[in-house]
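Worksheet: the structure to be examined is printed underneath.
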Amino acid sequence: MKKRRKLLPLGIKKRTTTELPALVALAAVGQPWFSEQHLTDLMVVAMVSQLASEPGSEVHAAASDLFQLLGQEQLVLEDIRPLVLATNDWMQRQPNGRIQDAIDRLMHAGHAPLAV
């Protein structure tokens, strides 16, 4: 018997629940309350967008650039803001299955770095 894949809930497209962590993280950049969780939220957007998009596409380039900028010691809000907004907006327009596939690939990859 083939195991049925569990997809993301239909509500995944609700902007208030899917975009909010990245937007809160953006607001935290440069603030004393910026934490590792904020950085992780931003990295998730970059990594999922990178895996779910076509190599060579605009969103793939934006996600790769974002991932690279997030690895720097000092985050510059003006540099990362347009990349976070672009990748986050792109993810909202994608089918749930496409995003779930990227998440599954990340989970199976463990802590292996992504090629940028």
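For region 72-88, how many residues are β-branched (Val, Ile, Thr), open to solvent by 30 Å² or more (accessible area, probe 1.4 Å) and touching a helix residue (DSSP H, G or I) at 6+ places or on another chain (Cβ under 6 Å)? Steps first, please.
First, pick out the residues of region 72-88 that are β-branched (Val, Ile, Thr): 76, 80, 84, 87.
Retained after the next criterion (residues that are open to solvent by 30 Å² or more (accessible area, probe 1.4 Å)): 76.
Those left that are additionally touching a helix residue (DSSP H, G or I) at 6+ places or on another chain (Cβ under 6 Å): none.
Count: 0.
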**OP:** Collect the residues in region 90-103 that are under 14 Å from residue 47 (Cα atoms) and open to solvent by 50 Å² or more (accessible area, probe 1.4 Å), keeping them in residue-number order.
**Re:** 98, 101, 103
**OP:** Return yes when residue 69 is open to solvent by less than 50 Å² (accessible area, probe 1.4 Å), in a helix (DSSP H, G or I) and modelled with pLDDT of 90 or more and no when it is not.
**Re:** yes
Original post:
Do we have any residue at all in region 50-66 that's modelled with pLDDT of 95 or more, loosely packed, with under 13 Cβ neighbours inside 10 Å and polar (S, T, N, Q)?
Top reply: yes
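Considering every residue within region 24-40, establish whether at least one is within 20 Å of residue 101 (Cα to Cα), at pLDDT below 95 and either among the small types (Gly, Ala, Ser) or assigned to a helix (DSSP H, G or I) (or both).
Initial filter on region 24-40 (within 20 Å of residue 101 (Cα to Cα)): 40.
From what's left, at pLDDT below 95: 40.
Now drop any that are not either among the small types (Gly, Ala, Ser) or assigned to a helix (DSSP H, G or I) (or both), which leaves 40.
Checking region 24-40: at least one residue is within 20 Å of residue 101 (Cα to Cα), at pLDDT below 95 and either among the small types (Gly, Ala, Ser) or assigned to a helix (DSSP H, G or I) (or both).
Determine which member of the set 2, 6 is modelled with pLDDT under 95, under 17 Å from residue 99 (Cβ atoms), open to solvent by 60 Å² or more (accessible area, probe 1.4 Å) and not in a helix (DSSP H, G or I). Talk me through it step by step, then tell me what you get.
On the way: 2 fails: under 17 Å from residue 99 (Cβ atoms).
After ruling out the rest, the residue left standing is 6.
The values are calculated or read from the model by the stated rules, or taken from the named source; none is laboratory data. This one's a predicted model, so the numbers in the text were calculated from it and none came from an experiment. No Cβ is skipped: glycine too gets one built from the backbone with ideal geometry, and neighbour counts run over all protein chains shown. Side chains included, ligands, DNA and RNA excluded: accessible areas come from the protein's heavy atoms. Shrake-Rupley method; radii C 1.70, N 1.55, O 1.52, S 1.80 Å.
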